[in-house]
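The values are calculated or read from the model by the stated rules, or taken from the named source; none is laboratory data. Please read these numbers as outputs of a predicted model, since none were measured by experiment. Backbone-built Cβ (ideal geometry, glycine too); neighbour counts: all protein chains shown. Accessible surface is based on the protein model in full, side chains and every heavy atom, while ligands, DNA and RNA are left aside. Shrake-Rupley method; radii C 1.70, N 1.55, O 1.52, S 1.80 Å.
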Amino acid sequence: TDVTINTDHANDGIVSIVGPVACGNHELTITSGTANTNVDGITAVDNLSITASTINLGGNITTANILGNSVTLTGAVTLDTTIYIGTNNVNDGIVSIVGAVTAGNHNLTIESGSANTNVDAISGVNGLIITAVTINLGGDITTADILGNSVSFGGDVTLDTDVTINTDHANDGIVSIV
């Protein structure tokens, strides 16, 4: 069954899901308004939509192989660990992150295959890999000052605004757009 968790009321409540969630090809919608949402891994989700002031990701997100699958994160996103977001199945799905991502020196990999990926600003990322038919960038990309930092885009890149990709630190990194 599809699940909706909504704490978006006059007194918004924090949503915390500790441990991985196996969605069994169903939709998961989490709305916590001005409060935070904390989630560990989510697998086999048909459509995932999280709206919160801050979304703390503690595990990977993968979709089910269902036509129209998607991942939409609306709000500031913080990576608590290295994160993989994958909709790259036979039925590829769109990944949209509407809000700045703070990577905390972790890696971020997004694979949406023949679908689009839309991201706003990403900062503090050690390694960033995005593979999609079209990658829409809506903000600056800044790597962490860590040896071996890198940014790699596999697919057409569209700039939704002026964008700076910065790997220029004491430990300079590689930028690859293929």
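Strands (runs of 3 or more DSSP E) fully within region 47-166 that include at least 2 residues being charged (D, E, K, R) and within 28 Å of residue 17 (Cα to Cα): none found.
Of all residues in region 64-78, those satisfying the criterion of being in contact with a Leu (Cβ under 9 Å, 6 or more places away or on another chain) and open to solvent by 10 Å² or more (accessible area, probe 1.4 Å) are 70, 72, 78. Residues in region 23-39 that are closer than 20 Å to residue 70 by Cβ and outside any strand (DSSP E or B): 23, 24, 25, 26, 27, 32. Of all residues in region 29-43, those satisfying the criterion of being open to solvent by 30 Å² or more (accessible area, probe 1.4 Å) and more than 18 Å from residue 7 (Cα to Cα) are 40, 43. Report yes if some residue within region 114-136 is on the phi < 0 side of the Ramachandran plot, surrounded by fewer than 17 Cβ atoms within 10 Å (Cβ to Cβ), among the acidic types (Asp, Glu) and modelled with pLDDT of 95 or more; otherwise report no. No, every residue in region 114-136 fails to be on the phi < 0 side of the Ramachandran plot, surrounded by fewer than 17 Cβ atoms within 10 Å (Cβ to Cβ), among the acidic types (Asp, Glu) and modelled with pLDDT of 95 or more. Scanning region 1-22 for residues that are under 17 Å from residue 73 (Cα atoms), in a loop (DSSP other than H, G, I, E, B) and open to solvent by less than 50 Å² (accessible area, probe 1.4 Å) yields a count of 1.
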